[in-house]
Amino acid sequence: MNKNASLVLNVILLIAVAVLYFLHFSSGKSVAVETAAVDSTAAVRPPVLLPKEIKASKIAYVNTDVLNEKYQYVKDISDVAKSNLQTLEANYKRKATDMQNRYAEFQQKASQGLMSENQTKEAQEEIGKRREELEMMEAKQQQLMDQLQVENEKVQKNIMEYIKEYNKSSQYNYVLAFSDKIIGSVLLANDSLDITDEIVEGLNAQYRAKKGK
């Protein structure tokens, strides 16, 4: 390597060292500024208060699946509603089928010119009456559903009132509703907290007493 080349190389090395030196201290200064900014932000944050002391709570639950299955009031309502709706549905299907068959028969005769004007009018009136009967049965079905809703509200009221009375002596802070079939707010329940049988027994005793009056 000649003397000029060596001189050029030394100059390049000096420039590189100077650049690295500048970058090192300038980056350190930037980090220090950013850190200071973060620290100043943290300093103005409001203090986090300690949580207040919460007393231990007594918790129990009622399995609504078992309640619906064993509460006699619910069973009686369900049985009556099911029987009425099944009867109404069977009659509705039978009458609807009869009307469709009768209408098809009238259409066939009319297309063949086998019906007089009076017969056509009578057939139309007959179909109209059959249609009204079906509409009345539909209204009856809605009435049964509305009645069932009212009974369901009575069931819920009875359960809530009984649990309030029951809790006067048990003094639970919470009585939760739990279901094995429907995902709700309670996903897991310890069997030792289950008071369903006691609630069902008391509700059935009250229901038998009311029916006996």
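Details
- Residue in the range 73-83 that is among the basic types (Lys, Arg), at pLDDT below 95 and over 17 Å from Glu151 (Cβ atoms) present: no
- Of Ser179, Ser169, all but one fail to be of a type in the set (Gly, Ala, Ser) and more than 23 Å from Asp79 (Cα to Cα); the exception is Ser169.
- The set of residues from the range 132-185 being of a type outside the set (Lys, Arg) and in a loop (DSSP other than H, G, I, E, B) comprises Gln171, Tyr172, Asn173, Ser179, Asp180, Ile182, Ile183, Gly184, Ser185.
- Just so you know, in the range 76-126 the residues that are exposed (fewer than 11 other Cβ atoms within 10 Å of the Cβ) and among the small types (Gly, Ala, Ser) include one that is farthest from Met136 (Cα to Cα), and it is Gly113.
The values are calculated or read from the model by the stated rules, or taken from the named source; none is laboratory data. Model, not experiment: these values are computed from the prediction. Glycine also receives a Cβ, built like all others from the backbone with ideal geometry; neighbour counts cover every protein chain displayed.
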